[in-house]
Amino acid sequence: AFNTKKTYGERIENFTNIAARELLTLIERKKTNLSLALDVNTKREFLEIADKVGPYICLLKTHIDILVDFDQDLIEQLKRLQKKHDFMIFEDRKFADIGNTVKHQYSKGIYRIAEWANITNAHPLPGDGIVSGLKEVGLPLDRGLLLLAEMSSKGSLATGTYTEAAVEMARRHKDFVIGFIAGRRLVANENEDFIVMSPGVGLDTSKDGLGQQYRTPRNVIFESNSDIIIVGRGIYESGKDVIAEALRYKNAGWNAYLERLMN
Ligand code: 5FU
């Protein structure tokens, strides 16, 4: 079974991938398993919130293509904040095409994701070629990939044998695939390890009206043995004190982890 007593730090040696090792090291050092999903539409809001929440997160999750005023300066500012606050960057691009196409999408275009995102993700839907294509670009840059094995949204088709096939695909590419987007630990085998990140986390609401479904940090980390909580609107929804909410989620996520270690 998955060893629930192992700390993030003790799991570093389970990975050869540099991004995975860096992330576990960072989580241990900063004592946070919180990832902020920063889904805002302007540079100003993006940089303001990233600067406020930066001290409390291990990973900043972006959807870079929703910014209306994206420019190269945003990337420079993002890198500056990354250094200032010590977090890693995960572009939630959800690649879903053939290997040759995703290679271009990952490295070229306006965004050049591979140049600044430590971690990105892909749907296993197209088959192994998607991982091979992304790996050609990402591995030489010490990047890591997550496969979308499950989704948090209502009616998701990523279940059952699809989820199992995602795990099999990850096993065939352990040098580059560092883990999964999923709601729970999928691999309960002592001698293999993957980092599980769970979106759809909220303390105050259970859904959003567009299919999103929320569970608590405790559900996700303690009960389902996931590793990282991904929180968006729960932290920066209008009217909220962004720093207070970030701290609240950071504490909830870390306490759930400590509870797991002790039980
Ligand atoms: F893969 C997934 C998923 O299954 N559910 C998600 O919600 C990704 N997400 C992302 O997490 C989604 O694109 C948002 O960026 C974020 C959740 O944001 P929220 O504001 O906490 O609902």
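Going by the alpha-carbon gyration tensor, a ≥ b ≥ c the square roots of its eigenvalues, is the stretch 1-146 rounded (a/c under 1.5) or, if a/c is not under 1.5, prolate (a/b greater than b/c) versus oblate?
Details: a/c = 1.95, a/b = 1.04, b/c = 1.88.
In terms of gyration-tensor shape, oblate.
Going by how many other Cβ atoms sit within 10 Å of their own, how do THR42, THR16 line up, fewest first? Could the numbers behind the result be given before it?
Working: THR42 14, THR16 11.
Ranking THR42, THR16 by Cβ neighbours within 10 Å, fewest first, gives THR16, THR42.
With +1 on each Lys and Arg Cβ and -1 on each Asp and Glu Cβ, and nothing else charged, work out how big the dipole of the chain is about its Cα centre, in Debye to the nearest 20.
Working: 36 positive and 36 negative charges, 75 e Å.
Dipole magnitude for the chain comes out near 360 debye.
Compute the Cα gyration tensor for the stretch 90-171, then decide on rounded, prolate or oblate, letting a ≥ b ≥ c be the square roots of its eigenvalues: rounded whenever a/c is under 1.5, prolate when a/b is larger than b/c in the other cases, and oblate in all that remain. Working shown, then result.
Working: a/c = 1.98, a/b = 1.68, b/c = 1.18.
Judged from the Cα gyration tensor, the stretch 90-171 comes out prolate (a/c at least 1.5, a/b above b/c).
Once fully extended, how much extra length lies between ALA165 and GLU28, figured as 0.36 nm per residue of separation less the alpha-carbon to alpha-carbon distance? Intermediate results must be reported in sequence, preceding the final value.
Values: separation 137, 0.36 × 137 = 49.32 nm, distance 3.06 nm.
Taking 0.36 nm per residue and subtracting the Cα distance, the gain is 46.3 nm.
Taking neighbour Cβ counts within 10 Å as the exposure measure, how do GLU91, GLU259 sort from fewest upward? Can you show the working numbers first?
Details: GLU91 22, GLU259 14.
Ascending number of Cβ neighbours within 10 Å: GLU259, GLU91.
Between THR42 and ILE110, how many nm apart are label points set 7 Å from Cα along the C-beta direction?
1.8
With Cβ to Cβ distances under 9 Å as the rule, what net charge do the other residues near GLY179 carry (K, R +1; D, E -1)? Before the final figure, lay out the partial values.
Working: positive: none; negative: ASP193, ASP227.
Local net charge: -2.
Cut-off 10 angstrom, C-alpha nodes, Gaussian network model of the chain. Which of ILE230, ILE49, ILE195 fluctuates the most?
Looking only at ILE230, ILE49, ILE195, the largest GNM fluctuation is found for ILE49.
Where a ≥ b ≥ c are the square roots of the eigenvalues of the C-alpha gyration tensor, would you call the stretch 194-263 rounded, which needs a/c under 1.5, or, failing that, prolate if a/b is larger than b/c, or oblate?
Because a/c hits 1.5 or more and a/b fails to exceed b/c, the stretch 194-263 counts as oblate.
Residues of the stretch 95-110 with amide nitrogen under 16 Å from the 7 Å Cα-to-Cβ point of GLU136?
Only 96-109 fall inside the zone, counting backbone N under 16 Å.
Give the aspartates and glutamates reachable from LYS79 as a straight Cα distance under 15 Å; neighbours fewer than 8 places away on the same chain don't count.
List returned: GLU48, ASP51, ASP71, GLU91, GLU115.
How much length, in nm to one decimal, is gained on full extension between ASP69 and ARG172, taken as 0.36 nm per residue of separation minus their Cα-Cα distance? Don't skip to the end; give the middle numbers.
Numbers: separation 103, 0.36 × 103 = 37.08 nm, distance 3.91 nm.
Additional length available on full extension: 33.2 nm.
For LEU125 and LYS240, calculate 0.36 nm times their separation in residues minus their Cα-Cα distance, and state this gained length in nm to one decimal.
Taking 0.36 nm per residue and subtracting the Cα distance, the gain is 37.7 nm.
How big is the antiparallel share of DSSP beta bridges in the chain, given as a percent to the nearest 5? Before the final figure, lay out the partial values.
Values: 1 of 28 bridges.
Rounded to the nearest five, the antiparallel share is 5 percent.
Which log10 I(q)/I(0) values does the chain give at q = 0.09, 0.13 Å⁻¹ under the Debye formula, counting every alpha carbon as one identical point scatterer?
The Cα Debye sum returns log10 ratios of -0.36, -0.80.
How do LEU258, LEU210, LEU186 rank when sorted from fewest to most other Cβ atoms within 10 Å of their own Cβ? Write down the numbers at each step before the final one.
Numbers: LEU258 13, LEU210 7, LEU186 21.
Listed from fewest to most nearby Cβ atoms, that is LEU210, LEU258, LEU186.
Enumerate the amide H contacts of LYS207 below 5 Å, restricted to partners 5 or more residues apart or on another chain; note that Pro and chain-start residues carry no placed amide H.
Counting only residues 5 or more places away or on other chains, the set is TYR214.
The numbers here are math on the coordinates, done by the rules we state, and not lab data. Since the structure is predicted, the reported quantities are computational estimates derived from the model, not experimental observations. All Cβ positions, glycine included, derive from the backbone under ideal geometry; neighbour counts span all protein chains shown.
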